[in-house]
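The values are calculated or read from the model by the stated rules, or taken from the named source; none is laboratory data. What you are looking at is a predicted structure, and each value in this text was computed from that prediction instead of being measured. Please note: Cβ atoms are built from the backbone with ideal geometry, for glycine as well, and neighbour counts cover all protein chains shown. These accessible areas exclude ligands, DNA and RNA; they are computed on the full protein's heavy atoms, side chains included. Shrake-Rupley method; radii C 1.70, N 1.55, O 1.52, S 1.80 Å.
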Amino acid sequence: MALFQNTPFKLMEQGLDAVWYKQKVISHNISNSDTPNYKAKNVDFGLVLAEEQCKCAYHSADQEKEVKRPVSLRVVTTTDPDTNFTLDENNVNVETEAMKLVDAQYQYSALIDHMNNEFDMISAVLQK
């Protein structure tokens, strides 16, 4: 197995991509807060296991070896077309979007810290 091809590292990488995308969408919402008829977009992401969301490994009746199922992060972007906060039918609440952006920045920072800790451990092992 390659050093950076393991499941935890891939999930951290996908998590960073997902949080970056979430920050991009939130920034886009804030920049369109004065655009008539604009509807805010929401980004949700979570772990998704391939093939019926089972555990990462299973034993097949036809095979003796263990089969690994890929773990991935699914990112879903949604829009609520029914809400309106202003008379021009725009539903962006700048304060709410700003709080979402702060939350996403904390998530991104936590993932970066975790990834840096992984690199520090690898570096410490390689230096010995």
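Restricting to the range 1-41, and then to whatever is part of a helix (DSSP H, G or I) and among the aromatic types (Phe, Trp, Tyr), can you tell me which residue is modelled with the lowest pLDDT? Reasoning before the result, please.
The first filter runs over the range 1-41 and keeps only residues part of a helix (DSSP H, G or I), leaving 7-31.
Adding the requirement that they be among the aromatic types (Phe, Trp, Tyr) leaves 9, 20-21.
On the way: 9: 80, 20: 94, 21: 94.
Filtering first and then ranking leaves 9.
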### Task
State all residues of the range 80-102 that are open to solvent by less than 70 Å² (accessible area, probe 1.4 Å), under 23 Å from the mean Cα position of the chain (by Cα) and at pLDDT 85 or above; if no residue qualifies, say none.
92, 93, 94, 96, 97, 98, 100, 101, 102
### Task
List every residue pair whose Cβ atoms lie under 6 Å apart, where the two residues are 6 or more positions apart in sequence or sit on different chains, the first residue falls within the range 93-115 and is without any contact (Cβ under 8 Å) to a residue 60 or more places away in the chain, and the second residue, located anywhere, is open to solvent by 40 Å² or more (accessible area, probe 1.4 Å) and not aliphatic (A, V, I, L, M).
93/85
